[in-house]
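Accompanying notes for the structure given below.
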Protein chains: 2
Amino acid sequence: MTPPSDDASSGRGTGAYAGPAKRATILDVAAAAGVSRQTVTRAMNAMPGIRRETRQRVQDVARELGYTPSRFAKGLVQGARTSVGLSIPDLTNPYYPAFASSVVELATQRGWHVVMDDYGHGGATGAESVEHLAPQVDAVIGYLGGATDEAQAVLGRRPLVVLDQPAGSASGRISFDYGHAAQAALGHLQARGCRHLAYIDRADSEAGRATVAPGHRGERGHASGSAQEVVTARGQAFARSAAAAGVVLAVSVSPESAADARQVTRRLLEEHPRTDGIVVFNDLMAAGALKALAESGRAVPADCAVIGMDGIPLGELLTPELTTLALDLREVGRAAVELLDGLLTGSIEPGGPGSELVLRHRLVLRQSA
Amino acid sequence: MTPPSDDASSGRGTGAYAGPAKRATILDVAAAAGVSRQTVTRAMNAMPGIRRETRQRVQDVARELGYTPSRFAKGLVQGARTSVGLSIPDLTNPYYPAFASSVVELATQRGWHVVMDDYGHGGATGAESVEHLAPQVDAVIGYLGGATDEAQAVLGRRPLVVLDQPAGSASGRISFDYGHAAQAALGHLQARGCRHLAYIDRADSEAGRATVAPGHRGERGHASGSAQEVVTARGQAFARSAAAAGVVLAVSVSPESAADARQVTRRLLEEHPRTDGIVVFNDLMAAGALKALAESGRAVPADCAVIGMDGIPLGELLTPELTTLALDLREVGRAAVELLDGLLTGSIEPGGPGSELVLRHRLVLRQSA
């Protein structure tokens, strides 16, 4: 659990620590081999995206100069492994164990050890989670909510990779293109002939489970007192996308559980009985929406189509099987792990080029829409 | 993350460490108050099962003697919290995140910090998981497979609470009464009038996904070449229970996933088309069995009833909703956390009375049986 040190002499690897003097750095190897720093990382880690001859040349140069990437050196010299903290807010939402499993699998393949913190119990924050993990880890990957700056301050120069958090000063960041997702879903529903669309957003966790306050969105054509404002970044993307396409979107807000979403969908169908297409904040809540539609005697998708979001395995077990805006969770895990690797080896500068990755959802068509 | 020390002078708390000399121990308080060691623990931790006057008397005596339970002392003196490692083999099986979430919630309520290790990737064992966690934790709770002795050796005198592992030398143990579960499920199916019963067991993880070898169970009345031997403790309980009741049970074995169980169920229905009642190793695999039954045109439960096992939230989202042998996951988490607390405070001796808890499943009737 010592910090990485291979980038010491460059004097600009803000994500790395000072190492032994005179040791060959990644920059020495890059200069001698006539390649970029990133290419050295790829070559030393047998990653794709590099020609075989280039990999061989870089590895030869590295051997000549006595350069060893820090995590190999650590393993050889100290028997220690890179230890990565993984902060997730709620294991009961099946997205998070699926994401975590992907990160752990890919990190394990690199010889890293992952310790996980399921921090959402008892009102703890993402920053507190990082504080707990900090004494034991070389870096953190996490869904931290809004606590990015505080968490990075706790870690100092150790890398922090945050997901789904566009603001703040994390050394690395994985974001999602919700505008693209919204267009794909709304476009698909319109192409199916759906004319009365609804979006069920997740209630802000701050607002608590019992306080789903109605808002007013008269300008979107819903003068009903129960029309609500979108709350999340996903919801905002759907509202913007609908407005841009001239589509009226009935918005409901539900706490993040299948049972709550079932109730909210029931009310939505009472107030907007002609609803024929629903997009739901995530797959777990979409499972509740499917239950409410079945209860109301509506056939899915014939009477009302449903699209979820996340792409977790649950969707395939539902009846009808859930059409969803899917993230490739292996891809998300891989992006987080590769970004962290770049930050640890110094091939990516914290906050610099390549430190933010934007991933897109793919509309996976199953039975529900 | 220093070890607990309140039981030092007793000289027999093998789960506790030597603490500072002359400090009042839990036994001093118990003797002075005229109560058992366990009652002192209950009183000091405001746990139920103790009269108010007794609690007050014990707390008064403790104050006089200057006794403080170790984890409070640690918090006061060092600002450190008890750190508990949680080893689980596979986050993609929804049982484990549900169990882990329960443990984390209840441990957090006690002021403990939990770090989790999802160890099943890349062929790692439960013992390796405990090795990774050991440098950072005061104790471990885990599903370790058969690695109990090795894991306890790694932890030395620090407590280890294992689940679903009847053999080995762990300081604490939570077991499940599968005989009770099997009787409840088979009895319910027989009472429904099911006459052609099947049990789908989980393939041994050692056997790998591709090697579900057929066995021969001619003595149970299945001469077919595809009849198989049960593999797991659950499966053995079902086989014993069926034999005792004179019930013929067709056994199939499936790798632990919904998709695999769907395939195996499809074959089962081809080879035993009159099957009218199926019990499945767990809820996740039962979800696959429901899919196979729907594909085959069978109505559940009218043509064939299905019972799962575990009681995870997934079961309620399926169609039809899954009847299951449910563990109360909050109860399992509470049992693990309270047992560990007793081992940490010294109110329970490792391997002694009260160090093994046996929990029972409850048959939760929903729609599928």
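The values are calculated or read from the model by the stated rules, or taken from the named source; none is laboratory data. No experiment lies behind these values; they were computed from the predicted model shown. Because the Cβ atoms are built from the backbone with ideal geometry, glycine has one as well, and the counts that use them run over all protein chains shown. Just the protein is used for accessible areas: all its heavy atoms, side chains included, with ligands, DNA and RNA removed. Shrake-Rupley method; radii C 1.70, N 1.55, O 1.52, S 1.80 Å.
If you go through the range B:132-155 one residue at a time, do you hit one that is open to solvent by less than 30 Å² (accessible area, probe 1.4 Å), more than 14 Å from chain A (Cβ to nearest Cβ), under 17 Å from A:HIS132 (Cβ atoms) and within 20 Å of the chain's Cα centre (by Cα)? Within the range B:132-155, one or more residues are open to solvent by less than 30 Å² (accessible area, probe 1.4 Å), more than 14 Å from chain A (Cβ to nearest Cβ), under 17 Å from A:HIS132 (Cβ atoms) and within 20 Å of the chain's Cα centre (by Cα). Regarding the range A:274-294, can at least one residue be identified that is within 14 Å of another protein chain (Cβ to nearest Cβ), out of contact with any helix residue (DSSP H, G or I) (no Cβ under 9 Å at 6 or more places or on another chain) and within 20 Å of B:GLU321 (Cα to Cα)? Checking the range A:274-294: at least one residue is within 14 Å of another protein chain (Cβ to nearest Cβ), out of contact with any helix residue (DSSP H, G or I) (no Cβ under 9 Å at 6 or more places or on another chain) and within 20 Å of B:GLU321 (Cα to Cα). Is it the case, given these coordinates, that A:ASP276 is under 24 Å from the mean Cα position of the chain (by Cα) and under 26 Å from A:ALA184 (Cβ atoms)? No.
A:ASP7 meets all of the listed conditions (1) acidic (Asp, Glu); (2) open to solvent by 30 Å² or more (accessible area, probe 1.4 Å); (3) at pLDDT below 75 but one, namely (2). Within the range B:83-105, the set of residues being touching a His at 6+ places or on another chain (Cβ under 9 Å), open to solvent by 10 Å² or more (accessible area, probe 1.4 Å) and more than 7 Å from chain A (Cβ to nearest Cβ) comprises B:ASP90 only. Taking only the range B:102-121 into account, find how many residues are in a helix (DSSP H, G or I) and either over 16 Å from A:VAL115 (Cα atoms) or not assigned by TED's automatic domain parsing to the domain that holds B:ALA147 (or both). Count: 6. The single condition among (1) hydrophobic (A, V, I, L, M, F, W, C); (2) in a loop (DSSP other than H, G, I, E, B); (3) in the same structural domain as B:ARG202 (by TED's automatic domain parsing) that B:ILE348 does not meet is (3). Of the residues A:ALA245, A:ALA287, which is out of contact with any strand residue (DSSP E or B) (no Cβ under 6 Å at 6 or more places or on another chain), open to solvent by less than 10 Å² (accessible area, probe 1.4 Å) and in contact (Cβ under 8 Å) with a residue 12 or more places away in the chain? Exactly one residue qualifies, and that residue is A:ALA287. Taking the criterion of being over 20 Å from the mean Cα position of the chain (by Cα) and open to solvent by less than 10 Å² (accessible area, probe 1.4 Å), the residues of the range A:302-314 that qualify are A:CYS304, A:ALA305, A:VAL306. B:ARG173 fulfils the conditions (1) open to solvent by 10 Å² or more (accessible area, probe 1.4 Å); (2) within 14 Å of another protein chain (Cβ to nearest Cβ); (3) in contact (Cβ under 8 Å) with a residue 60 or more places away in the chain; (4) not in a helix (DSSP H, G or I) except for a single criterion, (2). If you go through the range B:351-369 and keep only what is part of a loop (DSSP other than H, G, I, E, B) and over 21 Å from B:GLY315 (Cβ atoms), you end up with B:GLY351, B:GLY352, B:PRO353, B:GLY354, B:SER355. Against the conditions (1) surrounded by fewer than 17 Cβ atoms within 10 Å (Cβ to Cβ); (2) free of Cβ contacts under 8 Å to residues at least 12 places away in the same chain, A:LEU317 satisfies every one except (1).
Scanning the range A:115-131 for residues that are at the interface with chain B (Cβ under 7 Å from one of its Cβ atoms) and not small (Gly, Ala, Ser) yields A:VAL115, A:MET116, A:ASP117, A:ASP118, A:HIS121. For the range B:336-348, the candidate set comprises residues that are in contact with a Leu (Cβ under 9 Å, 6 or more places away or on another chain) and β-branched (Val, Ile, Thr); within that set, the residue that is farthest from the other protein chains (Cβ to nearest Cβ) is B:ILE348.
Residues considered: A:ALA24, A:ALA43, A:ALA30. Of these, the only one that is open to solvent by less than 50 Å² (accessible area, probe 1.4 Å), modelled with pLDDT of 85 or more and outside the structural domain of A:ALA139 (by TED's automatic domain parsing) is A:ALA30. Among the residues of the range A:66-83, are any under 24 Å from B:ASP117 (Cβ atoms) and at pLDDT 85 or above? Yes. Return yes when A:VAL279 is under 22 Å from A:VAL253 (Cβ atoms), at pLDDT 95 or above and not in a loop (DSSP other than H, G, I, E, B) and no when it is not. Answer is yes for this residue. A:GLY315 - would you say it is within 18 Å of A:TYR96 (Cβ to Cβ) and of a type outside the set (Asp, Glu)? In short, yes. Taken over the range B:321-362, the criterion of being buried (at least 19 other Cβ atoms within 10 Å of the Cβ) and within 30 Å of B:LEU293 (Cβ to Cβ) is satisfied by B:LEU322, B:THR323, B:THR324, B:LEU325, B:ALA326, B:LEU327, B:LEU329, B:VAL332, B:HIS361. For the range B:295-335, which positions are among the charged types (D, E, K, R) and within 11 Å of another protein chain (Cβ to nearest Cβ)? Result: B:GLU316, B:GLU321.
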